[in-house]
1. Which one of K96, K108, K87 is under 18 Å from the mean Cα position of the chain (by Cα) and more than 17 Å from T54 (Cα to Cα)?
2. Take the conditions under 17 Å from S124 (Cα atoms), among the small types (G, A, S) and at pLDDT 90 or above and apply them to A110. Does it pass?
3. Run down E119, E136 and say which single residue is within 15 Å of the chain's Cα centre (by Cα) and on the phi < 0 side of the Ramachandran plot.
4. So if I check each of K87, K60, K91, which one is within 24 Å of A177 (Cβ to Cβ), out of contact with any Lys or Arg (no Cβ under 7 Å at 6 or more places or on another chain) and at pLDDT 90 or above?
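The values are calculated or read from the model by the stated rules, or taken from the named source; none is laboratory data. Just so it is clear, the model here is predicted, and its values are computed rather than measured. No Cβ is skipped: glycine too gets one built from the backbone with ideal geometry, and neighbour counts run over all protein chains shown.
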Amino acid sequence: MNEIETNLVINESDSFKDVLYKINHTFGEKIQNLNFGMEKLLKNGIYIVKENNTIIYIGKATSRTFLERLAGHFDVREAGGFNNVIKKISKDLGYKEYSADGLLEAWKKANQFNIIFLEFNQTSSMIPMWEKRLIEHFLPLYNNIWALSEYGLQQGQIVLVTGLSKSKSRKVKVTKASFKRDHVKGHLINEKSGSLQKTEVNFHMNQIIKIIEEPTRHF
């Protein structure tokens, strides 16, 4: 049987919109149909897992190949160090965490998912950036996506943050939680004009000195 074309090549000239179009118009190949003889699994890039055409997980393969990364994800051992996705699926199926039976049932379910591989005609250093942007756009179910409420913050709050520039502290308007644990994003506020800078900054929760203004409410 011929391989289904699931490796999308991302060129340096492709815009984010171009990449989203390619992803959204590719259904992917069923994971259970993958095998060790597929050359496409020996490459690096980003892999996207879909269930019923909904993206549920995005990961990257940089120092390891797609094959090595997927082998880690599908490890059904309770002590497996890279099988967090399988463990989350097991929990969703109603099993106790690290249950051997649960991991096996999760493995069976995951085999029915579809997968897409993104290869990059760019330097491999671009892969983490693309993974980050895609996770923040799609907010996949099984990626670690954190909410502002988990940190006691709200969108639109003004916080005083240290360590962002040469000055001791800067005002930042909070926009969202980063997909990186304990990190938040926001826009710096110009000290003279009070206007927001376009570029988002990313900072750790420990850098927040205090909340100085609550978000404006419209009634």
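1. Numbers: K96 fails: under 18 Å from the mean Cα position of the chain (by Cα); K108 fails: under 18 Å from the mean Cα position of the chain (by Cα).
Unique residue meeting the criteria: K87.
2. Details: under 17 Å from S124 (Cα atoms): no; among the small types (G, A, S): yes; at pLDDT 90 or above: yes.
Considered against the rule, which asks whether it is under 17 Å from S124 (Cα atoms), among the small types (G, A, S) and at pLDDT 90 or above, A110 comes out as no.
3. On the way: E119 fails: within 15 Å of the chain's Cα centre (by Cα).
None of the others qualify; the one that does is E136.
4. Working: K87 fails: at pLDDT 90 or above; K91 fails: at pLDDT 90 or above.
Selected residue: K60, the only one of K87, K60, K91 that is within 24 Å of A177 (Cβ to Cβ), out of contact with any Lys or Arg (no Cβ under 7 Å at 6 or more places or on another chain) and at pLDDT 90 or above.
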